[in-house]
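Below you'll find the structure, written out as structure tokens, and then a few comments.
Throughout, read-outs are computed from the coordinates displayed, never taken from laboratory work. Small disclaimer: the values here were computed from a predicted structure and weren't measured. Quick reminder, even Gly has a Cβ in these numbers, built from the backbone with ideal geometry, and neighbours come from all protein chains shown.
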Ligand SMILES: [Zn+2]
């Protein structure tokens with residue numbers, strides 16, 4: 001199975017974020033993807049490629065096919081501008097958000113000019129700091145997803161994009177939720193354009209993929225199917241309800257499956273079966289899988305109860321669709337499990353046994369490029 005990785009993800013390395021009313025150490029850290037890469041390398045080429053592929057540069061066009069070009073321009077130098085216009089600081093976070101209720105009944109305004117005001121125009125929350133290398137890492141994460149897409153569009157039935165920062169919370173014109181560019185949505189739009197056929201996005205991250213939903217909400221050619229913690233209790237709170245079914249030409253192509261707290265493997269796989277039936281009815285040419293493993297029982301940001309064996313069963317069930325799969329990494333925040341759980345899903349997708357290739361404890365740490 002080809003997989004794509006670049007160390008440029010480490011350029012997005014915040015030390016602090018504002019989360020649940022506290023300054024906290026970030027959860028979305030470089031060690032996440034390096035733990036996954038180590039787990040795949042430990043397999044020594046039996047199921048996964050013995051080496052990661054480097055991403056190829058796809059330029060800005062696939063990004064601006066999904067995102068507002070002005071969001072891209074803003075992110076390219078917002079951190080540097082903040083240093084000059086406001087004050088030198090390592091993590092840049094918005095203070096004031098451009099909420100519709102501030103200007104009810106008043107004339108529409110142009111986007112603001114000052115960087116401090118622009119932050120609250122282009123970002124919707126506070127857990128997603130910009131640091132000096134954020135834009136470079138976010139651009140690289142898109143290229144990682146698009147390079148995996150190229151593998152699948154070239155005839156490979158399965159490819160995995162081991163990238164971060166994740167993407168599924170980023171809408172056309174907003175970043176947030178640890179996400180800057182929506183890697184999976186960019187890959188899905190790219191695949192839909194190049195195949196001229198229907199594409200499904202299946203999002204199994206614990207959190208609702210609000211950004212992917214928003215990008216495709218009124219499009220009939222890309223179906224979005226998401227299983228996630230019920231937004232009545234789970235981030236991002238304001239989207240992800242079952243009655244969000246798509247609009248306009250996209251009516252009937254958006255499917256949300258809000259899940260109760262504590263759901264374990266059996267209940268999760270039952271809901272996944274219903275989601276896969278919706279994909280089967282849509283009859284796509286391929287699936288983009290937004291793979292978050294923050295549904296794990298031990299994940300600090302989730303409250304579901306999946307086991308590593310459950311993740312393998314998830315992959316095996318999705319594989320029964322028999323469709324080509326572009327797998328794009330989203331969340332997963334238990335660093336002790338993220339590698340094993342991600343590898344378990346990928347082995348299930350590949351039809352490989354979960355326990356057959358457990359490396360010997362004496363093998364030592366894997367080499368990391
Ligand atoms: Zn998540």
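Need one number for the chain: average projected area of the convex hull over its C-alpha atoms, nm².
That works out to 17.9 nm², a quarter of the Cα hull's surface.
For the stretch 1-119, state the average projected area of the convex hull of the C-alpha atoms over all orientations, rounded to one decimal in nm².
Directional mean of the projected Cα hull area for the stretch 1-119 stands at 10.9 nm².
For the stretch 35-186, what is the Kirkwood estimate of the hydrodynamic radius, computed as the reciprocal of the mean inverse distance between distinct Cα atoms, to one decimal in Å?
Working: mean 1/r = 0.0585 Å⁻¹.
One decimal place: 17.1 Å for the Kirkwood radius.
Using alpha carbon coordinates only, what is the Rg to Rh ratio of the stretch 218-361, with Rh defined as the Kirkwood radius?
Rounded to two decimals, Rg over Rh is 0.97.
How high is the relative contact order of the chain, in percent, counting Cα pairs under 8 Å that sit 6 or more residues apart? Write down the numbers at each step before the final one.
Details: 803 pairs, mean separation 68.9, N = 369.
Result for the chain is 19 percent.
Take peptides 37-43, 207-213 and line them up by average Cβ neighbours within 10 Å, highest first, as a rough protection proxy.
Averaged packing, sorted descending, gives the order 207-213, 37-43.
Expressed as a fraction of 2.2 N^0.38 Å, the rule-of-thumb size for a compact globular protein of N residues, what is the C-alpha radius of gyration of the stretch 134-173?
Here the Cα radius of gyration is 1.26 times the empirical estimate.
Antiparallel DSSP bridges in the chain: what percent, to the nearest 5? Numbers along the way, then the final one.
Numbers: 5 of 36 bridges.
Roughly 15 percent of the beta bridges in the chain run antiparallel, per DSSP.
Scaled to the compact-protein estimate 2.2 N^0.38 Å, what is the alpha-carbon radius of gyration of the stretch 154-305, rounded to two decimal places?
So the stretch 154-305 has a normalised radius of gyration of 0.97.
Rounded to a whole number, what is D in µm²/s for the stretch 300-360 from Stokes-Einstein with the Kirkwood radius over alpha-carbon pairs (10 °C, 1.306 mPa s)?
Rounded to a whole number, D works out at 130 µm²/s.
Of the listed peptides 252-262, 320-330, 56-66, what is their order by residue-averaged count of other C-beta atoms within 10 Å, with the highest listed first?
320-330, 252-262, 56-66
For the stretch 115-218, what mean projected area does the convex hull of the alpha carbons give, in nm²?
Projected area, direction-averaged: 7.2 nm².
Send over the Kirkwood Rh of the stretch 189-236, from the inverse of the averaged 1/r over different Cα pairs, rounded to one decimal Å. Could the numbers behind the result be given before it?
On the way: mean 1/r = 0.0868 Å⁻¹.
It is 11.5 Å.
Which value in nm describes the separation of the simple spin-label points at residue 274 and residue 13, placed 7 Å from the Cα toward the beta carbon?
Reported label-point gap for residue 274 and residue 13 is 4.4 nm.
When ranked by the protection proxy of mean other Cβ atoms within 10 Å per residue, highest first, what sequence do the peptides 67-75, 308-316 form?
Top to bottom by mean Cβ count within 10 Å: 308-316, 67-75.
What are the equivalent ellipsoid semi-axes of the stretch 238-310, built from the alpha-carbon gyration tensor (square roots of five times its eigenvalues), in whole angstrom, biggest first? All intermediate terms of the calculation are to be shown ahead of the outcome.
Numbers: eigenvalues 122, 45, 25 Å².
Semi-axes from the Cα gyration tensor: 25, 15, 11 Å.
Percent of Cα-Cα pairs per 5 Å bin, from 0 to the last occupied bin, for the stretch 195-284, please list those.
3, 15, 27, 25, 18, 9, 3, 1, 0
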